[in-house]
Amino acid sequence: FEMEGFSTTEIKRFKYDGYILANGQNVTVRYTMKVGDQMQFETNERLQTPAFAKESAKLVYVDEHLYVAYKSYGVAIHPDLAHHEDTFGNMLATTFGEKFTLHIVTRLDKTTDGLVLGALDEITAQRLNDLQYHHKIEKTYHAIVEGHLVGQGKIDLPLARVGNKTVVDEGGKNALSF
């Protein structure tokens, strides 16, 4: 289904942040609708514009449509119940101001630092997400290891998402590490 004025990411957040109401009561996405149910999707400012953080994001590139910013290790990307004002999204809101809406295209895990690509408007967000979906955005990861490595090697295995985990699966997407 479509909801005018909301990105796909924002719509997905409805199911995790408790904003779905059936007949005035909070329900999850597992709720089975019945004939005559009144469904509502409530929003609040936290969903649209994250609270301001104590520090700004470190921008590497910005123009009128998109930005590339550095995210530090240990910083969560999105505000949630555990991280309301100390996330990368909050830092971006501090950087871009009150009219900012969070549209991150290339997320990084909390335990990963690096560059993140984001959009400054809905149209750019949809276009960048489409490029990401069709594997037109290339990402490279570098790892720092401790100890003595012997020789070289590569891992070339297909990866797939199962629930909230990434696993090796023959039906998955090609992934190459070397």
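Figures for the structure shown
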{"quantity": "Under 15 Å, Cβ to Cβ, from Val116 - net charge with Lys/Arg +1 and Asp/Glu -1", "calculated": "+2"}
{"quantity": "Accessible area (Å², per residue) of region 28-150, counting only protein heavy atoms and a probe of 1.4 Å", "calculated": "70 Å²"}
{"quantity": "Table column - 3J(HN,Hα) (Hz), region 51-60, Karplus curve with 6.51, -1.76, 1.60, x for Gly and Pro", "calculated": "4, 6, 9, 6, 10, 8, 6, 8, 7, 9"}
{"quantity": "For region 29-178, with +1 on Lys and Arg beta carbons and -1 on Asp and Glu, the positive-most of Ala93, Ala175, Gly118 along the dipole", "calculated": "Ala175"}
{"quantity": "Restricting region 50-122 to chymotrypsin sites (Phe, Trp or Tyr not before Pro) in coil, as DSSP defines it, with at most 11 other Cβ within 10 Å", "calculated": "Tyr73"}
{"quantity": "Net dipole in debye of region 51-140 [+1 Lys, Arg Cβ; -1 Asp, Glu Cβ; about Cα centre; nearest 20]", "calculated": "200 debye"}
{"quantity": "Cα-Cα over 32 Å, subset of Lys54/Lys173; Lys99/Lys139; Lys99/Lys136; Lys110/Lys173", "calculated": "Lys54/Lys173"}
{"quantity": "Theoretical gain in end-to-end length, Asn23 to Gln40 [0.36 nm per residue, Cα-Cα removed]", "calculated": "5.3 nm"}
{"quantity": "Accessible surface of region 22-139 [probe 1.4 Å, protein heavy atoms]: carbon and sulfur percent", "calculated": "51 percent"}
{"quantity": "Those trypsin sites (Lys or Arg not before Pro) in region 88-163 that DSSP places in a loop and that have at most 11 other beta carbons within 10 Å", "calculated": "Lys99, Lys136, Lys139, Lys154"}
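The values are calculated or read from the model by the stated rules, or taken from the named source; none is laboratory data. Not measured: the values here are computed from a predicted model. Here Cβ is always computed from backbone atoms with ideal geometry, including for glycine, and neighbour counts include all displayed protein chains. Keep in mind that these areas ignore ligands, DNA and RNA; they rest on the heavy atoms of the full protein, side chains included. Shrake-Rupley method; radii C 1.70, N 1.55, O 1.52, S 1.80 Å.
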